[in-house]
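Let me begin by presenting the structure, written as C-alpha cells, before commenting on it.
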Amino acid sequence: DTGNGEQLYECPMCSLTCTNIQILEEHVDLHLEEHNFSEGIGMFHCDEDLELAQQLQTEEDEWQRSEEEKREREEFKKLQRQYGLDNSGGFKQQFLKNMEREVDRGRMQPFEYHKRKADMMESLASGIDDGKTKTSGVIEALCKYYQNENKDVRRVWLSAGVDHFHSSLGDRGWGCGYRNFQMLLSSLLQNSFYNDCLRDTTLIPSIPKLQSMIEDAWREGFDPHGASHFNNRLHGSKAWIGACEIYSLLTSLRIKCQIIDFHKPTGPMGTHPRLFEWILHYYSKDNEGGAKVMCTSKPPIYLQHQGHSRTVVGIEEKKNKSLCLLLFDPGCSSQQMQKLLKQNCDGTGLKLLRKFVGSLKEKQYQIVAVDGVLSLEEKVARCQASQVLTAEKIP
C-alpha cells in the first residue's frame, strides 16, 4: 500500500513492484519463459557434448582396433619371413640374389658367377646336392685323435661315418634342418643295413629335392597337421623344417626312428642332463666293450631346439664322469671342418664340436634317433599313427 490508497504488487523473482496484478502476472510469465529458454539451451549443449564425446570414443576405439590389426599383420608377416613362408622365393632365388650381391661388392668375378649359376642349375635339375659344402672323413680323423688322446677323456663313442654339410648362399639362415638331414642320410648311405630302404636315394639330394620328398611324405598321409602349417608346400620356399618333418621323411623311406622330446630342463641352471644321459645310452648300448674309443655303427642323431638344429655324432665321458656331446653344426664352414682332418690335431679344433651340459640351456630340445628298418606294414601303421603324432616326452 502506497499510503494514498494505491495497491502495489512485488515480483517474487526480482522484487520489481507493479501497480496492477495483471502487469505482475505478465512480468512473472516473462521470467518463467526466460528461465525455460536458458534451461533448454543448457540441455541442448549437454546433449551436444555427450554426442561429441561418444563420437570421439568411437573414433578412438576404431583407431585402436586398426592399430592392433596392423600390428598383428606385421607380426604375422614377420613370422612368415622368419619361417620362409612369405612367398619370397626359395633356394634358387636366394642363391642368385646372394651371388649378384657378391659380384656387386667385388667379392666374386662375373665368370665365377656364371659358372656357379650353371652348376646350381644342373644340381637343381638332377635333384642331387653339388657337394660343394661337404667335408668327409671327420669321424675317421676323430677316431685317430682319440686313440692318442690321454689327457681327460676316459671313453668316447662315435657315430658311423658322417659327412658334414654346411649352409650355402642358397639356404643361409633357414637351411639347417635340411643340412642336418643330409648329414644323417650320408651316414645311412654308408651302412648296407639301409640299402633296401634307400635304393632310390643313392646320392645326397639337394635341398629343393628334399623339400619335394617331404611333400611326397605328406601326400602319403604323414603328419597332416604339420603339413597344414606349411600349406602343404615347401618347394620353392625358405620354410624352416624341424623334427616332425625329419620323422615323416625318414618313415616314408621305411627307416625306423623316434622323436624324443626333452620338454623341460632336468638339471640346475636350466640344463638338460637327461638329454646327455639318453644319448650316452643310445651310443653305449650294445657297445660296452673295454676299448677307450668305440667307433660304433650307430647313425648320428638329429638335435633340434628353437631356431636351430645340429647333428650329434658322438659323446665323450671325461675322467671326472662328466659328459660332452660332439656336434656337427651346419653353421660351421668347410674351412673350419677341414682343420679337424689334420693328423697332428692337438684337440683345439674340437672346440667346434664339443658341448658340455652347461652349454645346452635352451628351454626345450627334441631329437630324432634312427633305430632300424620298417616293414611295409609297419610303415602304414606309423603313417596312420602320425596323424595324431606326439613325441615321447622324457619326464
Gain upon complete extension [Gln364, Gln109; 0.36 nm per residue less C-alpha separation]:
87.4 nm
So, taking all protein chains as they sit and a 1.4 Å probe, how much accessible area belongs to Ile241, in Å² rounded to tens?
10
In units of 2.2 N^0.38 Å, what is the alpha-carbon radius of gyration of region 257-298?
1.43
A correct Karplus calculation of ³J(HN,Hα) over region 134-151, with 6.51 cos²θ - 1.76 cosθ + 1.60, θ = phi - 60°, whole Hz and x for Gly and Pro, returns 8, 10, 9, x, 5, 4, 5, 5, 5, 4, 5, 4, 5, 4, 9, 6, 9, 8
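Nearest 0.05, what FRET efficiency do Glu69 and Asn232 give at R0 = 25 Å with Cβ-Cβ as r?
On the way: r = 27 Å, r/R0 = 1.08.
Calculated transfer efficiency: 0.40.
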Given a 1.4 angstrom probe, I'd like the percentage of the accessible area of the chain that is carbon and sulfur, rounded to a whole number.
50
How long is the gain from Gln54 to Asn320 if the chain were fully straight, where each residue apart is worth 0.36 nm and the alpha carbon distance is subtracted?
88.4 nm
So what are the radius of gyration and Dmax for the Cα set of region 240-395, in Å?
16.7, 51
Given (1) 31.7; (2) 26.0; (3) 27.7 as possible values of Kirkwood radius over Cα pairs in Å, the one from the coordinates is (2)
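Just to confirm, what accessible area per residue do you get for region 228-315 at 1.4 Å probe, in whole Å²? Intermediate results must be reported in sequence, preceding the final value.
Numbers: 3340 Å² over 88 residues.
It amounts to 38 Å² per residue over region 228-315.
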Sum of side-chain charges, Asn232 neighbourhood, beta-carbon under 15 Å (Lys, Arg +1; Asp, Glu -1)
-3
Counting only trypsin sites (Lys or Arg not before Pro) that are in a DSSP loop and have at most 12 other C-beta atoms within 10 Å, tell me the longest site-free stretch of the chain.
1-104
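Count charges around Gln384 for me, please; just the other residues with Cβ under 14 Å from its Cβ, Lys/Arg as +1, Asp/Glu as -1.
-2
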Kindly flag which residue pairs out of Lys238/Lys379; Lys321/Lys361; Lys339/Lys361; Lys70/Lys132; Lys117/Lys298 have an alpha-carbon separation exceeding 31 Å in this structure.
Lys70/Lys132; Lys117/Lys298
Go through region 358-372 residue by residue and turn each phi into a ³J(HN,Hα) via Karplus (6.51, -1.76, 1.60, θ = phi - 60°); whole Hz please, and just put x for glycine and proline.
x, 8, 10, 10, 5, 5, 8, 10, 10, 10, 10, 10, 8, 8, x
Helix-only [θ]222 nm of the chain, DSSP H runs n ≥ 4, -39500 (n - 2.57) each, per residue, nearest 500:
-14500 deg cm²/dmol
Within-13-Å neighbourhood charge of Lys363 [Cβ basis; K, R +1; D, E -1]:
0
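The values are calculated or read from the model by the stated rules, or taken from the named source; none is laboratory data. In this text the structure is predicted, and so the values were computed from the model without any measurement. Here the Cβ is made from the backbone with ideal geometry for all residues, glycine too, and neighbour counts use every protein chain on show. Side chains are part of the model used for accessible areas, which takes the heavy atoms of the whole protein and leaves out ligands, DNA and RNA. Shrake-Rupley method; radii C 1.70, N 1.55, O 1.52, S 1.80 Å.
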